[in-house]
Amino acid sequence: VHNSRAILHQTAGRLAEALADYDAALRLNPEFVEALCNRSLLRSAGPDPAFRDGAQAVRDAERACELTKRKDAGCLD
């Protein structure tokens, strides 16, 4: 639920709310690959530099790749 709501927030430009929901989704399930990928993209290439965090983006992307054994092209973005 948190990941889906985060996507809606992000689409609407409510990046703080999106990030909070991605964080909540990952607190509930630290191995939620889709949330890791989504948060990584927001942190690395989001439209507002205030929400960018390259180091966290890399950690999220690396974790998603580990969990999928680098077989999910979506995680390799």
**Prompt:** Looking only at residues in segment 33-72 that are outside any helix (DSSP H, G or I) and within 25 Å of residue 12 (Cα to Cα), which one is least open to solvent (accessible area, probe 1.4 Å)?
**Reply:** 46
**Prompt:** Got a number for residues in segment 6-32 being in a helix (DSSP H, G or I) and within 23 Å of residue 68 (Cα to Cα)?
**Reply:** 11
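When you go through 43, 5, 39 one by one, which is the residue that is over 9 Å from the mean Cα position of the chain (by Cα) and among the basic types (Lys, Arg)?
Step by step, each of 43, 5, 39 is checked, and only 5 is over 9 Å from the mean Cα position of the chain (by Cα) and among the basic types (Lys, Arg).
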**Request:** Taking residue 9 as the residue in question, decide whether it is in contact with a helix residue (DSSP H, G or I) (Cβ under 7 Å, 6 or more places away or on another chain), open to solvent by 50 Å² or more (accessible area, probe 1.4 Å) and not charged (D, E, K, R).
**Result:** no
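Tell me, yes or no, whether segment 54-72 has at least one residue that is at positive phi and of a type outside the set (Phe, Trp, Tyr).
The answer is yes; a qualifying residue exists.
The values are calculated or read from the model by the stated rules, or taken from the named source; none is laboratory data. Bear in mind the structure is a predicted one, so any value in this text is a computation, not a measurement. Because the Cβ atoms are built from the backbone with ideal geometry, glycine has one as well, and the counts that use them run over all protein chains shown. Side chains are part of the model used for accessible areas, which takes the heavy atoms of the whole protein and leaves out ligands, DNA and RNA. Shrake-Rupley method; radii C 1.70, N 1.55, O 1.52, S 1.80 Å.
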